[in-house]
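Heads up: the structure comes next, in structure tokens.
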Amino acid sequence: MSGPSRLLPLAPEVAARPGYRPDIQGLRGIAVLVVVILHSGLPLAGGFTGVDIFFVISGFVITSSLVSRLEVTGRLAMGRFYLARIRRLLPALAVMLTVVLIASMALGAIGALGITARTGAAASLINANNYLAVFDVGGYFDAASALNPLLHTWSLSVEEQFYLVFPGLLLVSWLSVRATGRLKQRSRIRLMLIAIIAASFGAAAFLSLIVPSAEAGGFWGRLDYYSAVTRAWEFGAGALLAVTPIVAMKNRRVATAAGAAGTVLVGIGLVVISESVTYPGPITLLPVVGAVLVIAAGTSVASNPVSRTLTTKPMVGLGNLSYSWYLWHWPFIVFAGIWWSGALGPRVIAGAASLGVAWLSVRYIEEPIRYRSNPLRRNTLWLLVACVGIPLAAAGILAQWHQTLKSDASLNPFALHADSLLDCDSPKPLSRKPADCNWRAPQSRGRAVLVGDSLAGHYTEGFVSGVNSAGLDAQVATLSACTFIDFGPLARQARRLGMRPEPSCSGFVGRTMDDLVADPPELVVMSTSTQRYLRALADEPDPAAAANLAARQALWTQAQTAMIRRLTDAGSRVVIVGSVPRFPAWGELKEGPFKESPAITLLAGSAVDGAAIPRDQARRAQLPGMAAQAAAIDATGATSIDFFDVVCPSSTCTTGIGSSWTYRDFEHLSVATSKILAPAFRDLARQLLPGG
């Protein structure tokens, strides 16, 4: 599926050394290993089920520790518990977050720097899962997620949210037994856990059934995958095992059978569960029940074959490194994929190499802080402040760097245009655009307005500079992917021909036209894509397709003619801007062809190879739209201006001329090119509005 990322949450055990279970450490090692294999690009479809195994482990270990403490002392010592969690989890996480956020300034893909910064900030506040559920727009195999080196922190946020809530629930259940005396303590805890499991599993199963796998990347699919609510039943399954006596497991044969059955279920999950399902759901019972059986088998009879295998030195050693390996493996793999274009070999090497960094983290960060004798509460609280504050600062630095790269054309030849940066490109109509979308001219003699879609927006710099120098205030109102055509009373006919704009687009165009008529500017410059509705036909077109295109052209001409007349009747001069070449080979990428390139290569302007298209082919693609617009201009006496020859001066159109990039993406001019057009807009304004 293209839904949320299958990334394993890893958090170290809560149990004190006296309750240490080497078989559980070995199971941790297996869980992290299968996930690293999957993320490296090797074929293991269900490797992400390690997430479910780990939630079960966490539930079992934390509950065993806390219940034992309650039974021995009658107290939970929640303050001590949370301080221990801070020392155990946050230092290694904070170091990883800070290093990755700063390294992303050079190593990260330019298109992912923003979401990386926001994910890092959310992770430092143990809220990455909720941020990604609400704001992430793609799944693991989509560019936005696959290039985010901090995507994996969602799972640790889920773990930490469990740690925040579960001890309180456990304590309330325990104290209620004391107050009523009706049930034994463990019985009341079991009832509480059963209720949690039922509610959580029900929510996960419901979402997995109502959300098609093709829509798992949407909000409800992301909520199912990332939410602590839909994951709580897995944690609860391990917790329930910790407070449930299993007499049958005293028998070695039963323990052996349970371990074998659990291993089979986990193995089946690794094979049959894949990206083709909305997850988690009922099928998640395979790894969850499997993990419960494996842990149960070793609870009383550790000599069964499965438990003995898990306690071997390699498995336990891998488990001891599991938390740090998880923290570092995904950033290493992502950076390798960016630099070597997702090639398998570098990703596998990176995944293995991150194990060495994991060892360094355990040796020099985790163990010294974790095993420090008698740490002061005050020092731990200062540690908390540092572990949250330093990554937040690093996230802020990366976010500002991303903003600089997006907006500074002197650093980035593919920088965004001012209409995008200033929120002039939005569904808000002209009268509701921000004040920043207005540029005042000294001793102004009127106003000029640029309207349209992103093919108007890419003229912003040249338009503003040109009309300001002609003595006109400049105003920009655009909406990307919204063809600026108002069908009005022709809307029903347009729908029959398949020319159906989105409601938000229709609203923007209609209300902006109303604003232009209500407060008419001296000059209206209109630019929009005609190819959305008027695409060139094949060399030997089908008669029906040709008839449909002709009908569309006639309808376009009628609609644009009515728009121009409405504006001229209000007192405005109208200019229609012609189309420029498009380069499909660059692809329709939101942030340009450089989106997946490392930021450091972008600074040198060498992030991508240029694209080219024969001039006659570029013109042929525009002919239907050119003819329809020309008819509207002829019918109304409007003015036209065309920059085709400026950006394509030879028989081959290219995305760059000499050492300069003419284009910022497949159909939008660069900021540098827009600025070159300023004299043309200045001369146009002076020609149409003499006296300036």
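The values are calculated or read from the model by the stated rules, or taken from the named source; none is laboratory data. None of the values given here were measured: they were computed from a predicted structure. Quick reminder, even Gly has a Cβ in these numbers, built from the backbone with ideal geometry, and neighbours come from all protein chains shown.
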Inset, instruction - Residues being part of a helix (DSSP H, G or I) and at pLDDT 90 or above: count how many of those fall in segment 226-254. - result: 16
Inset, instruction - Identify, by number, the condition in (1) out of contact with any helix residue (DSSP H, G or I) (no Cβ under 9 Å at 6 or more places or on another chain); (2) exposed (fewer than 15 other Cβ atoms within 10 Å of the Cβ) that GLY656 doesn't meet. - result: (2)
Inset, instruction - Looking only at segment 55-71, decide whether some residue is on the phi > 0 side of the Ramachandran plot and over 32 Å from the mean Cα position of the chain (by Cα). - result: no
Inset, instruction - Tell me, yes or no, whether segment 331-338 has at least one residue that is among the aromatic types (Phe, Trp, Tyr) and assigned to a helix (DSSP H, G or I). - result: yes
Inset, instruction - Could you grab me the full set of residues in segment 356-377 that are surrounded by 12 or more Cβ atoms within 10 Å (Cβ to Cβ) and among the polar types (S, T, N, Q)? - result: SER361
Inset, instruction - Go through segment 322-355 residue by residue and tally those that are surrounded by fewer than 21 Cβ atoms within 10 Å (Cβ to Cβ) and in contact with a Lys or Arg (Cβ under 9 Å, 6 or more places away or on another chain). - result: 1
Inset, instruction - For VAL288, state whether it is surrounded by 19 or more Cβ atoms within 10 Å (Cβ to Cβ), at pLDDT below 95 and not hydroxyl-bearing (Ser, Thr, Tyr). - result: no
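Determine whether ALA77 is modelled with pLDDT of 90 or more, more than 27 Å from ALA204 (Cβ to Cβ) and either among the hydrophobic types (A, V, I, L, M, F, W, C) or assigned by TED's automatic domain parsing to the domain that holds VAL266 (or both).
No: the conditions fail for ALA77.
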Inset, instruction - From ALA518, ALA477, grab the single residue that is of a type in the set (A, V, I, L, M, F, W, C), over 19 Å from ARG686 (Cα atoms) and surrounded by fewer than 18 Cβ atoms within 10 Å (Cβ to Cβ). - result: ALA518
Inset, instruction - Please enumerate the residues belonging to segment 638-652 that are loosely packed, with under 15 Cβ neighbours inside 10 Å and free of Cβ contacts under 8 Å to residues at least 60 places away in the same chain. - result: ASP645, PRO649, SER650, SER651, THR652
Legend entry - Filter result for ASP436 (in the same structural domain as ASP514 (by TED's automatic domain parsing), in contact (Cβ under 8 Å) with a residue 12 or more places away in the chain, within 23 Å of the chain's Cα centre (by Cα) and surrounded by fewer than 18 Cβ atoms within 10 Å (Cβ to Cβ)): no
Inset, instruction - Look at ALA358 and say whether it is at pLDDT 95 or above, assigned to a helix (DSSP H, G or I) and either in the same structural domain as SER480 (by TED's automatic domain parsing) or more than 17 Å from LEU101 (Cβ to Cβ) (or both). - result: yes
Legend entry - Extreme residue, nearest to ARG495 (Cα to Cα), among residues of segment 559-583 that are touching a Leu at 6+ places or on another chain (Cβ under 8 Å) and part of a loop (DSSP other than H, G, I, E, B): SER579
Legend entry - Odd one out for LEU534 among (1) under 39 Å from the mean Cα position of the chain (by Cα); (2) farther than 24 Å from PHE644 by Cα: (2)
Inset, instruction - Please name all residue pairs, on different chains or six or more residues apart, with Cβ atoms under 8 Å, provided the first residue is in segment 207-234 and is more than 24 Å from VAL289 (Cβ to Cβ) and the second residue is hydroxyl-bearing (Ser, Thr, Tyr) and surrounded by fewer than 19 Cβ atoms within 10 Å (Cβ to Cβ). - result: ALA214/SER2; GLY217/SER2
Legend entry - segment 653-674 residues that are hydrophobic (A, V, I, L, M, F, W, C), paired with ones that are part of a strand (DSSP E or B) (beta carbon under 8 Å, 6 or more apart): CYS653/ALA612; CYS653/ILE613; CYS653/PRO614; LEU669/TYR663; ALA672/SER660; ALA672/TRP661
Legend entry - Positions within segment 197-225 being assigned to a helix (DSSP H, G or I) and crowded, with 24+ Cβ neighbours inside 10 Å, in sequence order: ALA204, GLY221, ARG222, ASP224, TYR225
Inset, instruction - Return yes or no: is THR278 in contact with a Ser or Thr (Cβ under 9 Å, 6 or more places away or on another chain), surrounded by 24 or more Cβ atoms within 10 Å (Cβ to Cβ), within 30 Å of GLY108 (Cβ to Cβ) and among the β-branched types (Val, Ile, Thr)? - result: yes
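Tell me, which helices (runs of 4 or more DSSP H) lie completely within segment 55-146 with 2 or more residues that are buried (at least 17 other Cβ atoms within 10 Å of the Cβ) and polar (S, T, N, Q)?
Correct list: 78-107, 113-124, 128-135.
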Inset, instruction - Of the conditions (1) surrounded by fewer than 20 Cβ atoms within 10 Å (Cβ to Cβ); (2) under 23 Å from LYS675 (Cα atoms), SER504 clears all except one; give me its number. - result: (2)
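The rows are residues; the columns are (1) of a type in the set (A, V, I, L, M, F, W, C); (2) in contact (Cβ under 8 Å) with a residue 60 or more places away in the chain; (3) assigned by TED's automatic domain parsing to the domain that holds ALA680; (4) closer than 28 Å to TYR663 by Cα.
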{"position": "HIS458", "(1), (2), (3), (4)": "no, yes, yes, yes"}
{"position": "ARG511", "(1), (2), (3), (4)": "no, yes, yes, no"}
{"position": "SER527", "(1), (2), (3), (4)": "no, yes, yes, yes"}
{"position": "ALA538", "(1), (2), (3), (4)": "yes, no, yes, yes"}
{"position": "ALA545", "(1), (2), (3), (4)": "yes, no, yes, no"}
